[in-house]
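Q: This structure is in structure tokens; I'll ask about it shortly.
The values are calculated or read from the model by the stated rules, or taken from the named source; none is laboratory data. A quick note: this is a predicted structure, and the numbers were derived from the prediction, not measured. Glycine gets a Cβ as well: all are built from the backbone with ideal geometry, and neighbour counts include every protein chain shown. Accessible surface is based on the protein model in full, side chains and every heavy atom, while ligands, DNA and RNA are left aside. Shrake-Rupley method; radii C 1.70, N 1.55, O 1.52, S 1.80 Å.
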Amino acid sequence: MRAAARGARGLASAAQTAAKKTQQKQSIDDFPLIYPDFLPSPVWNRRSALFERLQRADMLERRMHIDIPEFYVGSIVAVTTSEPNLATRQNRFVGICIRRERPGLLHQFTLRNVVDGLGVEVMYELYNPTILKIETLKLEKRLDTDLSYLIDALPEYSTFDFNLEPIAHPVGTPVPINDTQVKLRQPPWTQRWELYDFKGIDKAWLQATPYYKRKLRITKVEDYMKYDLIRAYRDDCQEAEHEKNTQKEMLEFERARHESGATKRRILKSAADGI
């Protein structure tokens, strides 16, 4: 009897340990980077709890019909869309993701590639029903979360083969960070990139024209942020609570669909966390 009791307690403790490990794995560290579409609007007077909940319900339903993989700004992505004017009725574009912007159902991401010496940028709406397939050909991050400056960079930093084979990423390993610093063309540029705190540009201020060097000093657009005393609370405390509640809602939606037998598709997933 004692041996049986010890065995039962051992099994119970093992089950509790496994449950704790599973619960720990359900939390994603890079949730804001993997799921920026689930973040609340940065404009505070546009936030509405009811509107955001209805949007998340539509977004989760859409993700049950199409597999949206994990990708970051800097990842090489291929998107296949329906195109009725083509003979194949489909169009596939490959490029580097340079931007992810706008919250909710309006979330957009932009791919850039150089085709026949001409820079091409295609902006996609993530939840557009004309998107048939999204593939992450190379999963990686960059030093910046916005690569819009590639429009003024040399073409080799934005040139990718349309027949690029997918590069597998081992589950449970950190997503690599590509520390490439791009070289910009000679100014003038589309924007004054030297004023921004971009880490992926190689010596932008040294490439500025003598006129700007004489008339202006080196400043940063975000310098005023250091005087914002409530910024840490606004960015860290409240956003962390929203992320936790959103992940819980996504897991509950997954569990309900799996139990009903409708689908076995996963929504909340992260290669680095092994989920």
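Q: Can you sort 195, 268 by solvent-accessible area, 1.4 Å probe, largest first?
A: 195, 268
Q: What does the accessible area of residue 269 come to, in Å² to the nearest 10, when a probe of 1.4 Å is used?
A: 50 Å²
Q: Quick check: from the Cα gyration tensor, does the stretch 30-259 come out rounded (a/c under 1.5), prolate or oblate? All intermediate terms of the calculation are to be shown ahead of the outcome.
A: Details: a/c = 2.01, a/b = 1.22, b/c = 1.65.
Because a/c hits 1.5 or more and a/b fails to exceed b/c, the stretch 30-259 counts as oblate.
Q: A further question follows. Tell me, what is the 1.4 Å probe accessible area of residue 125, in Å² to the nearest 10?
A: Here the residue's solvent-accessible area equals roughly 80 Å².
Q: Rounded to the nearest 10 Å², what accessible area does residue 67 show when all protein chains are kept and the probe is 1.4 Å?
A: Counting only protein heavy atoms, residue 67 exposes about 70 Å² to solvent.
Q: Which stretch or stretches of the stretch 36-79 have amide N atoms under 19 Å from the point lying 7 Å from residue 266's Cα along the Cα→Cβ direction?
A: Within reach of a label on residue 266, which here means backbone N under 19 Å from a point 7 Å along Cα→Cβ, the stretch 36-79 contributes 36, 60-72.
Q: Sticking with this structure for a sec: Cross-link candidates for residue 264: which aspartates and glutamates have Cα within less than 12 Å, leaving aside residues fewer than 8 places away along the same chain?
A: Excluding near neighbours in sequence, the set is 67, 254.
Q: Under a 1.4 angstrom probe, counting protein chains only, how are 52, 165 ranked by accessible area, largest first?
A: Working: 52 35, 165 130 Å².
Sorted descending by solvent-accessible area, the residues read 165, 52.
Q: Order the following by accessible area, largest value first: 249, 70. Probe radius 1.4 Å; ligands, DNA and RNA are ignored. List each step's numbers first, then the result.
A: On the way: 249 55, 70 25 Å².
The ranking, largest first, comes out as 249, 70.
Q: So, one more: Which FRET efficiency value, to the nearest 0.05, is calculated for residue 89 and residue 203 with the Förster distance at 45 angstrom and r the Cβ-Cβ distance?
A: 0.45
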